[in-house]
Structure formats: C-alpha cells, structure tokens
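The block underneath contains the structure these notes are about, expressed in structure tokens.
No lab work stands behind these numbers, since they all come straight from the coordinates. This one's a predicted model, so the numbers in the text were calculated from it and none came from an experiment. Neighbour counts are summed over all protein chains in view; Cβ atoms, including those assigned to glycine, are modelled from backbone coordinates with ideal geometry.
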Amino acid sequence: MEILLWLLLPVAAASGWWMAQYSQQKHKTSARARLNSAYGRGLNHLLNEEPDKATEVLIQMVEVDPDTVELHLALGSLFRRRGEVDRAIRVHQNISARSNLSAALHAQATLELGRDFLKAGLLDRAEQLFRQLLSRCEYEKEACQHLVELYQQEKEWGKALEVGRRLVGLDSAQWRLRLAQYHCERGEVALDQQDFDRALAEAEHAQREDPDCVRATLIRGRVLQTRGDFRAAITTYQQVETQNADLLPEVMGAIQACYTQENDPQGWEEYLNALVARHRYLVFFQKHLVHRPVQKSSVQQARYRCDQCGFTSRKLFWQCPGCQGWSSVKPIKAGNSE
C-alpha cells in the first residue's frame, strides 16, 4: 500500500501543476478576450464619432490590464495636441490616481498632467506638478523647461532665472543667452521704476552671461543718458558695433541725441561717416538721420524679421511673438530691401 502511495504522489503533483497551468492560461485567455473586446468597442465608438464613449471604454481598460497605461498616456497626449485639454486632463488624472502604478509610470503621468494644466492655462496647478517632479529629480530637464515657459508667461523673471540656472548645465550656450535676457527684463522693470542702480546691476549680470548682449548695452546707455553723462553714453552705445553690427540702427538715433546734447555736431558727422564706411548698408540710415529729426528717423521706421519663423514687425522684439525665440528678431537691412 505504501509503495502505491509513493507512486501516486508524483502523479498527483504533476496533475496539480498541470491544473494550475491550465487555470492560469485560461485566465490569461479570458483577460485577453476581454481586452480585445474592449479594444473593439473603443474602436467602434471612434469610428461612429462617439469620442466620449470611446474615452470611457479606454479608461476602463486600465483596470483590465495595467499594460495599457502607456496607451492611455499616449491617448491623453493626443487629446491635448488636438486641443481637447479637458479630456486629456481626465485621462491623465485617472492614471495618476491609481495606486498600483510603478514609480516611472507615475512620474510620466504627472509630467503629462502638468502639460495638460499648462495648456489649459491652469498655471498654479501645472507649477505644483512640475515642482514635484524636480523635488524627486524625475524628468528634470522637461520639468525645468515647462517651468521656464510658465514663468515667462507670468513674467516671473526671478523664478525663471532660478530654474534656468539648472538648465545651464544641460545646454550651457543656449541657456546663458536666455539668462541674459531674463536679467534684461528685470533691468527694464527697474528702468521704468527709475531705479537706475538696480538697472545697471541687472545689465552687468546679463553681460556676464552673454558679453554680446546688445539689450544690456542699451540699458546701460539709457541709464547714462538719463543721468546726463552723454560722453559715457556715447561710448557705451558704440559697443553695439562689435557686439552685433546688424543692430546698429537701434542706437544711431540715441548716439545722435547724445552728440547733440554735447553740442558736438561735427563729432556726430565724423562718427557717422566712419560708421557708414565700415557698414555700407547704413547709407540709407545716414540719409534719413542727417536730413530728418531724430524722432522721425528711419530707426523707428525700420522693419524686423525673425530668423527662426519669419515673423515681421515694425518694432524690435527681444522675444519673438511668433515662435517665442529669444534674440531671433533682427532688422532687415535697408540697403538690401529697398
């Protein structure tokens, strides 16, 4: 009898293992069938132009199979790109609320939800989520980039500088140029408030980040001109030639005004003639500056174009309104366009 029991034990173990495998396979087959059915119903709703019902089905599929989370992340991003931000928020909030997500998927859902809020103009909620990611060192570059975009919209230049400095290590050249512009934004605010010392300090910070920052030079020149130090203002404005000669039309009127205040018309003419000899495209500006008052000079009539997106304007923008690029809008040389 004992021998028979010992013989039956392996058979029983094998039978148990086979039944477990069969049950597991049956469960997988059943789950796959439910999943395929849900895919079919979702697709059918989309084909029948019933996006709300399709969304409901696809959201429910997260509970059927956790592997569909990445599909939902992509679906939410698709809604956002189509401008259906409410649906995108709904999908991504549903994913973020799940307790069984891996840390990586939860971070990805948080990033996508932050992008949804940013697109919807819910800046406080977007900022909170991006800050969470930074505190956990998750998606650091993406979170910083979105925070900078957010702070630019709110004109929070101090916060933009704080986050931008974290990005300098990732792309030093590009972000140093950006930091210079943020300092200049603060400098212009100080100018408007007649806080000239702070304006000069911001201009100096900007030129530490970008020695060729013309905007910082213009701020320094305006401070010196307002204080009545016209000779120093002339010397400052003249630095634009070595920084970016294409932007000389931006300072020619101011330089002429300073020479006029110094009662030195001969110095102005000598400087202007030498400048035109070095940069022939300025002949057009020379004619208008000599024969017209400063306030009607061609400096104010010049047209500008963005090198990146082609946006055109009568005014120089340091940040292009079209593509949001910094320092990409430049004068169209009059000699080449007339």
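Longer than 25 Å from Cα to Cα, which of 155/315; 119/141; 159/330; 141/315; 119/330; 159/315 are they? Say none if no pair is. In this structure, 159/330; 141/315; 119/330; 159/315 lie more than 25 Å apart at Cα.
Averaged over residues, the count of other Cβ atoms within 10 Å places the peptides 307-315, 202-210 in the sequence 202-210, 307-315, highest first. Sequence-distant contacts, meaning Cα pairs under 8 Å at least 6 residues apart, place the relative contact order of the stretch 95-168 at 22 percent. Computed from label points 7 Å out along Cα-Cβ, the spacing between residue 137 and residue 245 is 4.9 nm.
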